[in-house]
Amino acid sequence: MLQAAMSGQIAAKPKKNVQVDDKLRKVGPFGAVESTFKELDRKRQDAEAEAARLTEELRELRESGASASNPELEGKLEAALHEIESLKAQANEGVREVDPSAIIDLRPADRLDIEGIEDLADNIRLNGQIVPILLRPHPDAEDQYLLVYGRRRWEAIKHLNDGRTVRALISDMDETQAIRAQVSENADRMDQTFIEVSFMANTLREAEIGTQRDIASILNIDEHEVSKRLKIVRTIGTEILRRIGRCPNTGRPAWEKASKLVSSMIEQEMVSEAQIIEWLDGYEVGEGQTKDHPSNLRFAAMMQWLESIQTGQTDSPVADKPSLSVREVVVGDQSLGSIKANDRQFTLILRKKNSGFAAWMNAHAEEVLESAYTRFIEDTHNEAEEEGSTN
């Protein structure tokens, strides 16, 4: 599958009425596809400039009365116009115009920031969409397509909202081929940061895209390296990472330090994941800080905030947390375990000797909780009615 996605030799037969991209078969991976379309566009612009020059030269000759016709210039102009049409035909070979609303993005998340959409939209408004995106037919929906790569171009065209279609190559590839093509495109287009590759590894793991060895192969990194990166992502948490961003200037040592700090502080109940998320949501880049990438600034500011809590320079946001009360749970004459609770949380701890009951509770937790919650709603309603009748 790797060879199929990376070399463009798509093994699967195309479905009927699906225009498969010959461009991919001819030039291979994304970098070659992009350079081919950009080279065609450059040649077209040169030919259009030459045609405009020849047209103006002919106009000036006719206005001067020197000659009603000039076979040499007219021949050159005709050749330039023919080249323009030929280049346009080559650029459109295998390319389809697809309604943006017919495209669905179900891919594993591979970017923590989608930047520059407005700038890209302005560029497309002025120059058109030069490089097509890559789609594959939706397996269960006719006339619908799944995005393989080109999300920023798709988002930019949707942002324009001016009725234009998306230029796209359509390839009949399976999910694994599509993911490999997606990863290859990212490697060709931009330098993915340490945390973006780590985030992608975790996304692939959660999507159950093969084993850890398969993930290592897809991302072109060592299997042991995948394990380390997954640990960082799981420890810090994906929601925190989404809010921080891609951090182009933040490498492994800084992320490992952040992982240990977050893990230690949450374990010691000095801060919670929800409170870190709340703090990041409220953080704003100050004036004079815009030279660095905003995500680097968010990361540095978060670390400074956490370290100030750890050293006591800043009060812990959970300093006023209600203490937990602990009571034993006894049913009949048997102690099942204990309950730790306050107004914010409730924890049931079953004794080791009741492991069978613990396993049963685990299997029927939703059912038991549904029954308990239904009773809670009924009791609350009855209490409200009694209070209303008393008043």
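Computed from the coordinates by the stated procedures, all read-outs in this text should not be read as laboratory data. Just so it is clear, the structure is predicted and the values come from calculations on it, not from any experiment. Cβ sites come from the backbone with ideal geometry, for glycine too, and all protein chains shown count toward neighbours.
Using the average count of surrounding beta-carbon atoms within 10 Å as a protection proxy, the listed peptides 373-382, 174-183, 133-142, 195-204 rank, highest first, as 195-204, 174-183, 133-142, 373-382. Simple point charges give the picture: +1 on the Cβ of Lys and Arg, -1 on the Cβ of Asp and Glu, and for the range 200-247 a dipole about the Cα centre of about 280 debye.
Restricting the calculation to alpha carbons of the range 195-296 gives Rg and Dmax of 14.8, 46 angstrom. Taking 19 Å as the cut-off for C-alpha to C-alpha distance, list the pairs among 257/291; 43/76; 228/257; 231/340 that go past it. Checking Cα-Cα distances, 257/291; 231/340 exceed 19 Å. Evaluated with a Cβ-only charge set (Lys, Arg +1; Asp, Glu -1), the range 205-307 carries a dipole of roughly 340 debye about its Cα centre, given to the nearest 20.
Residues whose amide H comes within less than 5 Å of that of residue 138, counting only those at least five positions distant or on another chain, are 144, 145, 146 (H built at 1.01 Å from N in the peptide plane).
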